[in-house]
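Student: One structure, as structure tokens, below. Some questions next.
The values are calculated or read from the model by the stated rules, or taken from the named source; none is laboratory data. What you see is a predicted model; the values in this text were computed from it and never measured. Counting neighbours? That spans all protein chains shown, and the Cβs are built from the backbone with ideal geometry, glycine included.
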Amino acid sequence: MGGAASTYCDIAPGHPFHGPYHDTEYGFPLTGDDELFERLVLEINQAGLSWLLMLQKRAAFRKAFRDFNVAKVARFTARDEARLLADAGIVRNRLKVAAAIENARRICDLADKHGSFAAWIAAHHPMRKAEWVKLFGKTFKFTGGEIVGEFLMSIGYLPGAHRLDCAVQRKIARLKPPWMQARGFKY
């Protein structure tokens, strides 16, 4: 590649895990609260690990977290937390497991106040990444700059998921993700 850094658009196509995620999910707008919660939990769990590992463990995460049903996870008890920490199919990190459960509770609170997690996110758009990071840091557990940036990029709220010449980027552009709708707004 002549010394140029590879992008996800270069390495993902054709890969058994990265390929489908790159082609059908990454950067596509998401509005379902359970799907948003899943993406947030996976981004949190990816911290210090690889995205490939998250994609490989995704089915186990879905099973362990009851298909990422926010209301169900918000009701998890200490017994559920112990079950998760004993589940070799997922990332068994006490802080990440506790964050997922607490974040589900916080998402339920946001949904009560704003109608949905998706509506809460939309109500704050557009913002620069640093502003998003600050907001998420005040609102959720275990959400640093990289986690927040990747989460928002992956759901269509920040640009950069794909190269502009990527065929998938053209598909996403037809869906008019939130970052593209913020005319004149500079990220």
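Student: Taking the residues in region 18-55 that are in a loop (DSSP other than H, G, I, E, B) and of a type in the set (Phe, Trp, Tyr) as candidates, determine which candidate is nearest to residue 142 (Cα to Cα).
Tutor: 26
Okay, residues lined up against (1) surrounded by fewer than 14 Cβ atoms within 10 Å (Cβ to Cβ); (2) in a loop (DSSP other than H, G, I, E, B); (3) aliphatic (A, V, I, L, M):
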| residue | (1), (2), (3) |
| --- | --- |
| 57 | no, no, no |
| 76 | no, yes, no |
| 80 | no, no, no |
| 84 | no, no, yes |
| 91 | no, yes, yes |
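Student: Right, something else. Does any residue of region 122-129 turn out to be under 21 Å from residue 45 (Cα atoms), under 18 Å from the mean Cα position of the chain (by Cα) and at pLDDT 95 or above?
Tutor: Yes: one or more hits.
Student: A further question follows. Just one of (1) touching a residue at least 24 places away in the same chain (Cβ under 8 Å); (2) within 26 Å of residue 121 (Cα to Cα); (3) touching a Phe, Trp or Tyr at 6+ places or on another chain (Cβ under 8 Å) trips up residue 42, so point out which.
Tutor: Unmet for residue 42, out of (1) touching a residue at least 24 places away in the same chain (Cβ under 8 Å); (2) within 26 Å of residue 121 (Cα to Cα); (3) touching a Phe, Trp or Tyr at 6+ places or on another chain (Cβ under 8 Å): (1).
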